[in-house]
Amino acid sequence: MITIITPVYNGELYIEACLRSVIQQNCLEVEHLIIDGGSSDLTIELVKRYAENYPHIRSVSEKDQGQSDAMNKGIRLAKGEIIGFLNVDDYYEPNVLNQAIDIFKTLPVPSFVVGNCNVWDDHGNLKKYNRPRNLSFTDLLLGANINPHPVNPSAYFYHACLHDTIGDYKVDEHFALDVDFILRAVQVATVKHIDRTWGNYREIAGTKTVTDWQTGQGAARSAALLKRYRDQLPFFTRTQNAVLYSVLNTGYNSTQLIKRGVGKIARSLSPQS
């Protein structure tokens with residue numbers, strides 16, 4: 001079984017489309033968990049109305065500590081051995097869930113499977129196409145401009161037991177929670193990229209993620225997160241990756257690359273380091 005988890009708070013504008021997106025998958029081995037944060041609008045009423053006709057829909061409505069907390073609640077309630085997240089304003093391409101279930105039958109446990117994703121603006125225009133083909137830990141540490149990260153969970157799925165090894169989503173991480181999870185996941189899971197369009201992500205003006213990147217804080221958070229994980233690498237791998245990151249993301253030329261790399265090594269080997 002595959003469990004789709006939707007964390008939501010006051011999502012009445014999108015919740016019906018989200019529920020229909022899963023219903024229209026025509027998947028017989030799915031449950032859809034709606035983890036509501038105590039909405040004051042019609043969200044939970046609409047969910048209960050659908051649940052009367054579609055028994056694969058279950059819901060919980062209570063105050064939480066934000067999106068990561070809601071996601072962790074969903075994981076604990078999930079009955080499926082495969083987990084997927086569908087944010088309330090996103091949607092799947094046709095027959096994605098059945099494809100994912102079939103693919104997981106061929107993979108070891110735990111595995112992390114990533115498809116491609118359309119990114120849409122508020123007016124239904126395609127902004128970009130996310131095709132994250134290079135998913136090794138060190139590839140991702142070079143930054144999303146070099147090796148695109150999976151941009152939205154509507155395009156990836158993984159074994160629920162992966163959390164037994166890497167832990168939950170970090171409750172105190174409200175912006176880069178997906179990237180933080182992915183960087184932990186790819187270090188322990190079998191990772192497979194499926195070169196098909198699976199997800200659709202709406203970048204809606206005013207949402208926390210879009211606002212965070214528009215203000216420049218998103219880029220700074222991303223760089224800090226990558227550095228934190230880069231610092232966990234063995235010395236020479238860390239140095240190599242840091243130099244490549246600088247070159248590829250800030251435009252150092254080859255001479256600067258060599259000087260920067262040598263300088264890093266020299267500083268790290270000096271008695272004062």
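The values are calculated or read from the model by the stated rules, or taken from the named source; none is laboratory data. A quick note: this is a predicted structure, and the numbers were derived from the prediction, not measured. Backbone-built Cβ (ideal geometry, glycine too); neighbour counts: all protein chains shown.
Selection of the stretch 111-125 for residues being surrounded by fewer than 21 Cβ atoms within 10 Å (Cβ to Cβ) and touching a Leu at 6+ places or on another chain (Cβ under 9 Å) yields Ser111, Val119, Trp120.
Residue-level analysis places Val188 outside the set of residues that are in the same structural domain as Leu86 (by TED's automatic domain parsing), assigned to a loop (DSSP other than H, G, I, E, B) and within 20 Å of Thr6 (Cα to Cα). Selection of first residues in the stretch 165-194 that are closer than 21 Å to Ile101 by Cα and of second residues that are small (Gly, Ala, Ser) and part of a strand (DSSP E or B), restricted to Cβ pairs under 8 Å at least 6 apart or on distinct chains, gives the following pairs, ordered by first then second residue: Ala189/Ser111; Thr190/Ser111; Val191/Ser111; Lys192/Ser111; His193/Gly115; Ile194/Gly115. State yes or no: is Leu135 of a type outside the set (Lys, Arg), part of a loop (DSSP other than H, G, I, E, B), in the same structural domain as Thr165 (by TED's automatic domain parsing) and under 23 Å from Ala160 (Cβ atoms)? Yes; evaluated as a whole, the condition is true for this residue.
Could you please let me know if Thr106 is exposed (fewer than 14 other Cβ atoms within 10 Å of the Cβ) and either touching a strand residue (DSSP E or B) at 6+ places or on another chain (Cβ under 7 Å) or among the β-branched types (Val, Ile, Thr) (or both)? Here the answer is yes, as Thr106 does meet what is asked. Inside the stretch 1-42, residues that are in contact with a strand residue (DSSP E or B) (Cβ under 6 Å, 6 or more places away or on another chain), within 19 Å of Thr207 (Cα to Cα) and of a type in the set (S, T, N, Q) make up a count of 1.
List the strands (runs of 3 or more DSSP E) inside the stretch 1-69, counting only whole elements, that have at least 3 residues being in the same structural domain as Asp168 (by TED's automatic domain parsing) and crowded, with 22+ Cβ neighbours inside 10 Å.
Those strands (runs of 3 or more DSSP E) span 2-8, 30-36.
Which of the residues belonging to the stretch 141-161 are in contact (Cβ under 8 Å) with a residue 60 or more places away in the chain and in a helix (DSSP H, G or I)? Result: Pro153, Ser154. On the stretch given as the stretch 96-110, residues that are under 15 Å from Thr3 (Cα atoms) and either in contact (Cβ under 8 Å) with a residue 24 or more places away in the chain or in contact with a His (Cβ under 7 Å, 6 or more places away or on another chain) (or both) total 7. Every test in (1) farther than 26 Å from Val22 by Cβ; (2) among the hydrophobic types (A, V, I, L, M, F, W, C); (3) touching a strand residue (DSSP E or B) at 6+ places or on another chain (Cβ under 8 Å) is passed by Val188 save one, and that test is (3). Search the stretch 126-136 for residues being closer than 16 Å to Lys192 by Cβ and without any contact (Cβ under 8 Å) to a residue 60 or more places away in the chain, and hand back the single one that is surrounded by the most Cβ atoms within 10 Å (Cβ to Cβ). Only one residue fits best here, namely Leu135. The set of residues from the stretch 128-161 being over 14 Å from the mean Cα position of the chain (by Cα) and of a type in the set (S, T, N, Q) comprises Asn134, Ser136, Thr138, Asn145, Asn147. When the test is whether a residue is outside any helix (DSSP H, G or I) and more than 15 Å from the chain's Cα centre (by Cα), Asp164 does not pass it.
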